[in-house]
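J.: A single structure is presented below for examination.
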Amino acid sequence: MQSQISNFQTEHLFSISSEEELVQCFRARDQKKLVLPANLKFPFSVQSYFTWKESSGVYTYLVCKMPTWDLPRGVVFKRTAPSGEPTGGLCNWCNSYGSSEDIGLLSVAMSANVSNSYLICQDLRCIEKIEESAMRAGKSPEKHIHELYHKMAKLFENISNYRQD
């Protein structure tokens, strides 16, 4: 699923020209977990970020490019299955509220033994939710979209700066 947004100044545009280029966005350890969407046609352009889930729903993929990066980067999130009764939660990226079906714990493998977890929207539609919320309130989403990009950039910074003990 590709995020669609209006023409905001904070919008990040990039393109992916081939399957090989898309695979290269991910770390070697994540490339083993990649299941590309069957109907994906190359080249394609991306507004903001590109995300999809593999068919079982265990893995969710995110590809984005910040203006200061030379190339897009990708990450593989693993869904942590909810235990017990459904609960409510608040996404740490876009502040949307939803049930445990909507907001959940997604983890990123830092090494074979270490992972970081994020309580975020399971479908990673954060930018769309920010826009919808701002439209309902009659406000500009710019500030919140900028904050979302900052949080995404921080995720990739944490991944690239991780050093095993």
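J.: Mind checking whether some residue in the range 137-149 is at pLDDT 90 or above, closer than 19 Å to TRP52 by Cα and surrounded by 16 or more Cβ atoms within 10 Å (Cβ to Cβ)? I'd like the intermediate steps shown before the answer.
T.: Here is the first cut: in the range 137-149, the residues at pLDDT 90 or above are 137-149.
Filter again for closer than 19 Å to TRP52 by Cα, leaving 148-149.
Narrowing further to those that are surrounded by 16 or more Cβ atoms within 10 Å (Cβ to Cβ): 148-149.
Within the range 137-149, one or more residues are at pLDDT 90 or above, closer than 19 Å to TRP52 by Cα and surrounded by 16 or more Cβ atoms within 10 Å (Cβ to Cβ).
Yes/no matrix, rows are residues, columns are (1) more than 20 Å from GLU147 (Cβ to Cβ); (2) of a type in the set (D, E, K, R):
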{"site": "LYS53", "(1), (2)": "yes, yes"}
{"site": "VAL76", "(1), (2)": "yes, no"}
{"site": "VAL114", "(1), (2)": "yes, no"}
{"site": "ILE120", "(1), (2)": "no, no"}
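J.: Output the strands (runs of 3 or more DSSP E) that fall wholly within the range 30-136 and possess 2 or more residues being buried (at least 21 other Cβ atoms within 10 Å of the Cβ), or say none.
T.: Output list reads 49-53, 59-64, 73-79, 103-109, 115-121.
J.: Is at least one residue of the range 1-9 modelled with pLDDT under 95, touching a Lys or Arg at 6+ places or on another chain (Cβ under 9 Å) and more than 15 Å from TYR149 (Cα to Cα)?
T.: Taking the range 1-9 as the starting set, the residues that turn out to be modelled with pLDDT under 95 are 1-9.
From what's left, touching a Lys or Arg at 6+ places or on another chain (Cβ under 9 Å): 1, 3.
Next, only the ones that are more than 15 Å from TYR149 (Cα to Cα) stay: 1.
Taking every residue of the range 1-9 in turn, at least one turns out to be modelled with pLDDT under 95, touching a Lys or Arg at 6+ places or on another chain (Cβ under 9 Å) and more than 15 Å from TYR149 (Cα to Cα).
J.: On to the next question. Looking only at the range 141-158, which residues are in contact (Cβ under 8 Å) with a residue 60 or more places away in the chain and either in contact with a helix residue (DSSP H, G or I) (Cβ under 7 Å, 6 or more places away or on another chain) or on the phi > 0 side of the Ramachandran plot (or both)?
T.: In the first step, residues of the range 141-158 are kept if they are in contact (Cβ under 8 Å) with a residue 60 or more places away in the chain; the result is 141-142, 145-146, 149, 152-153, 155-156.
Residues satisfying the conditions are PRO141, ILE145.
The values are calculated or read from the model by the stated rules, or taken from the named source; none is laboratory data. From a predicted model like this one, the values you see are computed outputs, not experimental measurements. Every residue, glycine as well, gets a Cβ built from its backbone with ideal geometry; the counts of neighbours run over all protein chains shown.
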